[in-house]
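K.L.:
Can you keep this structure in mind? I'll have questions shortly.
We did not get these values from a lab; they are worked out from the coordinates using the rules stated. Please read these numbers as outputs of a predicted model, since none were measured by experiment. All Cβ positions, even for glycine, are placed from backbone atoms using ideal geometry, and neighbour counts span all protein chains on display.
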Amino acid sequence: MYEQLYPCDHCGGRGTLGFSQRVVAETGSSPFDYGKYGRHAGPPVIGDVMPRPAFAPQTEKLVCIYCSDCGMSTPWLPVGKDEKSAMTRCAHIWNRRLSRPKITEGDLRDLIEKELGACDSQMVIDMLARNDEDWETRGPLFAMLAQRLVDATVSTIDSWPIDPVLKDAARYRKLVQLAKWVDIDGERYVQFPKIPSPSEHDQCLFEDRIALAVDAMPDRDRW
Ligand SMILES: [Zn+2]
């Protein structure tokens, strides 16, 4: 869903999920410090997810979507039993707040917004470059595609970096290139090679160390 959030209408920033809580019940005990945990603590604060002590007034979990740059936010919605659906309702409110034409289900824009991501920009540029007729009708379509790419780039680039995913994909392909079939007792197995991991990488993180080892293998034969 992150990918489908429009950038902030106010500053172009990225929509981010915020969690908090608010009091739903009073304990009834007057000496209790309501200033810190209770109704007098003020409005919900983003990131306030600290569990309350058992003797404090009970709270309910809240979710909102806010702009990480300017702080503009949707109203807080209670999470209830289904966190995912509360998040989705927030996302709809967030997108509705922007002055964009309304999307109906089955709309072409609906399809574009679901299917097109930041990594498809090459494809769209290629389509644009190769189009040489019917600009009158295709123009608005290209505008829709371009708008989606801008939206997706703003909202995904921080939360879901494409670069490491692509690098890992390249490593996997290299491994596949180096894999061999092994037949043992009539069963066929895929065997990946033993990959040397030098001891000077001892201090690296587990994943980083593996990545370094795979990167040091000969490049895959692209023919
Ligand atoms: Zn903003």
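K.L.:
Rounded, prolate or oblate: which fits the stretch 163-216, taking a ≥ b ≥ c as square roots of the Cα gyration tensor eigenvalues, rounded meaning a/c under 1.5, else prolate when a/b beats b/c? If you can, show how the numbers build up before the last one.
P.N.:
Working: a/c = 3.19, a/b = 1.69, b/c = 1.88.
Note, shape of the stretch 163-216 comes out oblate.
K.L.:
I've got another one for you. Expected output is a single nm value to one decimal: the length gained when fully extending between Q147 and D82, i.e. 0.36 nm times separation in residues minus the C-alpha distance. What is it?
P.N.:
Details: separation 65, 0.36 × 65 = 23.40 nm, distance 3.14 nm.
Full extension from Q147 to D82 adds 20.3 nm.
K.L.:
Between I184 and L108, what length comes free when the chain is fully extended (0.36 nm per residue of separation minus the Cα-Cα distance, one decimal in nm)?
P.N.:
Working it through step by step, the gained length comes to 22.1 nm.
K.L.:
Sticking with this one: For the chain, just say rounded, prolate or oblate: build the C-alpha gyration tensor, square-root its eigenvalues into a ≥ b ≥ c, call rounded for a/c under 1.5, and beyond that prolate if a/b exceeds b/c, oblate if not. Mind dumping the intermediate values first?
P.N.:
Values: a/c = 2.77, a/b = 1.34, b/c = 2.08.
Judged from the Cα gyration tensor, the chain comes out oblate (a/c at least 1.5, b/c at or above a/b).
K.L.:
Name the cysteines of the chain that stand alone by the Cβ rule: no other cysteine Cβ under 4.7 angstrom.
P.N.:
C64, C90, C119, C204
K.L.:
If you average the alpha carbon positions of the stretch 165-181 and of the stretch 74-120, how far apart do those two centres end up, in angstrom?
P.N.:
35 Å
K.L.:
Calculate how steeply helix 83-96 sits against the longest principal axis of the alpha-carbon atoms of the chain, using the helix alpha-carbon long axis, and give the answer as 0 to 90 degrees to the nearest 10.
P.N.:
Helix 83-96 sits at roughly 90 degrees to that axis.
K.L.:
So for the stretch 2-96, taking the charge dipole from beta-carbon charges (+1 Lys/Arg, -1 Asp/Glu), which of C90, Q58, T16 sits furthest toward the positive end?
P.N.:
In the stretch 2-96, that residue is Q58.
K.L.:
Could you list, in their original order, any pairs among K84/K167; K81/K114; K167/K194; K84/K114; K61/K102 whose Cα atoms are separated by more than 24 Å? Display every interim value, and only then the final one.
P.N.:
Values: K84/K167 30 Å; K81/K114 26 Å; K167/K194 20 Å; K84/K114 17 Å; K61/K102 30 Å.
Where the Cα-Cα span goes over 24 Å, the pairs concerned are K84/K167; K81/K114; K61/K102.
K.L.:
Sorted by mean Cβ packing within 10 Å, highest first, what order do the peptides 1-13, 128-140 take?
P.N.:
On the way: 1-13: 17.7, 128-140: 9.3.
In descending order of packing, they fall as 1-13, 128-140.
K.L.:
Need the full-extension length gain, D219 to D168, defined as separation in residues times 0.36 nm minus the C-alpha distance. One decimal, nm. Walk me through the numbers before you get to the answer.
P.N.:
Working: separation 51, 0.36 × 51 = 18.36 nm, distance 1.38 nm.
Gain in length upon complete extension: 17.0 nm.
K.L.:
Compute the acute angle (0 to 90°) between the alpha-carbon long axis of helix 162-178 and the principal axis of greatest extent of the alpha-carbon atoms of the chain; round to the nearest 10°.
P.N.:
Rounded to the nearest ten degrees, it is 30.
K.L.:
What's the angle, to the nearest 10 degrees (0 to 90), between helix 206-216's Cα axis and the longest principal axis of the chain?
P.N.:
Tilt relative to the chain: about 30 degrees.
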